[in-house]
Amino acid sequence: MEKKRTPTVVFGEWAERGRDEGMAKGHQQAVDHMLEVVLNNRKSFSFLDAGCGNGWVVRQVAKHPQCVSAAGVDGAQQMIDKAKTYNSKNHYTCADLDTWIPSSPVDIVHSMEVAYYLKDPFAFLQNVYNSWLTKGGVLILGLDFYEENTVSHSWPEDCGVSIMHLFSEKHWIKLFRKAGFKEVESTRFGIKENWSGTLILKGQK
Ligand SMILES: C[S@@+](CC[C@H](N)C(=O)[O-])C[C@H]1O[C@@H](n2cnc3c(N)ncnc32)[C@H](O)[C@@H]1O
């Protein structure tokens with residue numbers, strides 16, 4: 001059996017092969033829903049996409065009339081290089097989300113299909129709460145790999161990725177609360193046969 005590789009190595013290769021585009025298409029509907037939830041009736045806001053891939057969500061949100069800044073961070077250099085070629089206006093950083101902290105806090109942190117790839121998802125939630133968000137700021141996460149979505153359980157083997165934390169919805173909610181988040185909510189988006197939907201978690205600082 002082939003040796004598993006870290007998520008950023010695997011996704012860096014996906015960017016080289018153009019697989020980032022298909023991934024963005026696959027995530028579009030759930031992300032549109034997540035953005036609707038956090039942007040509805042928003043006055044001016046700053047936005048950060050954690051694990052931004054090729055930066056497609058950053059570019060989408062930057063067009064919102066109330067958006068004052070939109071930035072993305074990803075650990076795969078090839079993803080960040082791609083994001084910068086699409087658009088040099090928004091700010092993109094290549095960094096490890098396990099330790100990185102933005103230079104100034106933002107109002108909304110969004111992250112689609114990323115948090116379970118981190119070495120310590122709870123430390124990430126704590127970091128976001130303590131150092132990434134303004135007071136009243138919101139974190140919204142979308143996850144397709146979780147315990148109740150049994151069809152996803154084979155992904156670590158299918159994709160050869162070394163770090164993938166399989167948590168239940170209840171466990172994610174517990175981690176959000178333990179990290180300090182208030183008004184924690186979870187929903188499932190796009191449920192269909194053999195697919196439990198994208199698990200969406202939201203919390204406020
Ligand atoms: C499934 S992709 C999702 C990308 C993007 N959010 C999207 O929806 O198209 C996961 C992304 O998380 C990034 N990632 C995984 N672990 C990371 C880490 N420790 N630090 C920074 N980025 C990481 C990968 O490089 C990859 O681009």
Q: Within the set of other residues whose C-beta is less than 14 Å from the C-beta of PHE189, count the net charge using Lys and Arg as +1 and Asp and Glu as -1.
A: -4
Q) How much net charge surrounds ARG177 when only other residues with a Cβ under 15 Å from its Cβ are counted (Lys, Arg +1; Asp, Glu -1)? A) +3
Q) Under 12 Å from the Cα of LYS119, which aspartates and glutamates turn up, not counting those fewer than eight places away in the same chain? A) ASP96, ASP98
Q.
Using helices alone, I'd like the mean residue ellipticity at 222 nm for the chain: each DSSP H run of four-plus residues gives -39500 (n - 2.57), total over residue count, nearest 500.
A. -10000 deg cm²/dmol
Q. Starting at 0 and stepping by 5 Å, how many percent of the alpha carbon pairs of segment 145-205 end up in each bin?
A. 4, 17, 24, 20, 18, 11, 5, 1
Q: Note down the magnitude of the dipole of the chain about its Cα centre, charges +1 on Lys and Arg C-beta and -1 on Asp and Glu C-beta and zero elsewhere, to the nearest 20 debye.
A: 660 debye
Q. With Cβ to Cβ distances under 13 Å as the rule, what net charge do the other residues near LYS89 carry (K, R +1; D, E -1)?
A. +3
(Q) As a test, work out the antiparallel percent of DSSP beta bridges whose residues both lie in segment 7-204, rounded to the nearest 5. (A) 40 percent
Q | Compactness of segment 11-90 as Cα Rg over 2.2 N^0.38 Å, two decimals | A | 1.09
Q) If you average 1/r over every pair of different alpha-carbon atoms in segment 70-187 and take one over that average, what Kirkwood value in Å do you get? A) 15.4 Å
Q: Calculate, axis by axis, the spread of Cα positions in the chain along the three principal axes, and write the results as whole Å, longest axis first.
A: 50, 39, 32
Q. Between VAL161 and residues 5 or more places away or on another chain, which pairs have amide H atoms under 5 Å apart, with H built 1.01 Å from N, and which residues are they?
A. ARG5
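The numbers here are math on the coordinates, done by the rules we state, and not lab data. Note that the structure is predicted; figures quoted are calculated from it, not measured. Cβ: placed from backbone, ideal geometry, glycine included. Neighbour counts: every protein chain shown.
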